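The block underneath contains the structure these notes are about, expressed in structure tokens.
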Amino acid sequence: MTERETTRLVAWSTEMRRVHTRIREALAITRDAVRDGAPGAQATRDLLLYCHGFCTALDGHHQGEDRALFPAVEAAHPHLAPVLRALKQDHSMIGHLLQGLRDAVDRAAPPAELDRHLEGIAAIMESHFRYEERQLLVVLEGLELRAEVIDVFGPL
């Protein structure tokens, strides 16, 4: 195995950490936009943009994992099937929460309501990311998966 191949193998764990960090940052920016948002058309457009971007990033990340990463992990490590099922259930729950946020944004809910949606998403998302990292980072360091990062972890 060449050094480049070894680097690519280890990179899946690095990519997961990197994507989780970017999504955490997107959430923080979105929460700041809700808290600091001033009334007016531009502030509303900015908030819509932040919320849409955050929801798209998190949804895309989870869809990539469900479609590309988790099947590869399960093929290489069948004993992790229960962990992967739990992570997919989290993805479904987070997707439901994201839809609630989208609906609140679409109906121009007040900032306090939007912040409650974001708080709930933040709590579940952080718990999910930590569990996922504890369960999968070591496995990802040796995972042989020939795919583009965007297909595995979403468009970030």
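Okay, here's what the table says:
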quantity	calculated
Single match in ARG116, ARG146, ARG107 (criterion: over 29 Å from THR14 (Cα atoms), loosely packed, with under 14 Cβ neighbours inside 10 Å and of a type in the set (Lys, Arg))	ARG107
Pairs where the first residue, in the range 57-81, is aromatic (Phe, Trp, Tyr) and the second is at pLDDT 95 or above and part of a helix (DSSP H, G or I), C-beta under 6 Å, 6+ apart	PHE70/LEU84
Counted residues, the range 137-156 - those being of a type in the set (A, V, I, L, M, F, W, C) and in contact with a His (Cβ under 9 Å, 6 or more places away or on another chain)	4
Residue, nearest to ILE94 (Cα to Cα), within the range 120-156, restricted to residues that are without any contact (Cβ under 8 Å) to a residue 40 or more places away in the chain and part of a helix (DSSP H, G or I)	ILE124
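The values are calculated or read from the model by the stated rules, or taken from the named source; none is laboratory data. Predicted model, so just to flag it, every value in this text is computed and none were measured. Cβ: placed from backbone, ideal geometry, glycine included. Neighbour counts: every protein chain shown.
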